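Presented below is the structure to which this report refers.
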């Protein structure tokens with residue numbers, strides 16, 4: 001009966017030990033590496049609905065909340081601003097929000113105000129041209145970069161796209177669409193949930 005060579009037995013022992021140690025080390029490296037593919041809690045929360053408090057908002061005030069990494073504006077419009085939407089109707093490119101139905105404008109905001117309530121505009125503050133963030137220019141009248149008959153609204157300083165106080169883009173501007181109206185619902189008279197509506201549409 002052949003006996004194992006002591007040298008071969010010793011070699012097999014150290015080879016096996018090395019393999020086991022290497023496997024443990026590889027597993028230790030792989031676990032944190034694989035975990036980098038799992039979304040962080042912050043990343044998950046970035047797409048979650050956001051509650052906005054509109055209590056005590058002054059007429060003409062804009063509040064901003066972050067949803068999916070983008071600013072969402074909530075503007076409390078004055079009676080004069082609401083009335084101005086009749087004047088801008090013929091000046092904007094898509095007055096009825098017929099482009100991209102359901103994507104840019106939910107059905108419940110497919111009206112002249114582009115909102116659930118005429119008094120409040122809820123819109124994503126990102127220009128659909130190249131992703132810049134427009135600035136609020138609510139004062140009516142001639143201003144730098146704006147026409148003499150300006151009714152108030154938003155100006156994208158990057159390429160000059162202008163939007164009325166309903167977020168409707170003016171004709172012959174680089175922006176191809178109106179500002180996006182996100183899915184949202186009123187939880188109460190003073191709370192808006194941005195990011196999901198009553199039909200659970202996000």
Residue match in the range 100-109 (condition: part of a loop (DSSP other than H, G, I, E, B), modelled with pLDDT of 95 or more and in the same structural domain as residue 156 (by TED's automatic domain parsing)): no
Selection within the range 55-98 - loosely packed, with under 13 Cβ neighbours inside 10 Å and under 14 Å from residue 181 (Cβ atoms): 98
Cβ-Cβ under 6 Å pairs, at least 6 apart or on other chains, the range 189-202 side over 17 Å from residue 53 (Cβ atoms), far side not in a loop (DSSP other than H, G, I, E, B): 197/185; 198/185
Counted residues, the range 63-88 - those being in a strand (DSSP E or B) and in contact (Cβ under 8 Å) with a residue 24 or more places away in the chain: 10
Where residue 59 falls short, out of the listed (1) closer than 29 Å to residue 141 by Cβ; (2) out of contact with any strand residue (DSSP E or B) (no Cβ under 9 Å at 6 or more places or on another chain); (3) part of a loop (DSSP other than H, G, I, E, B): (2)
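The values are calculated or read from the model by the stated rules, or taken from the named source; none is laboratory data. Note that the coordinates shown come from a computational prediction; the quantities given were computed from them, not determined experimentally. Backbone-built Cβ (ideal geometry, glycine too); neighbour counts: all protein chains shown.
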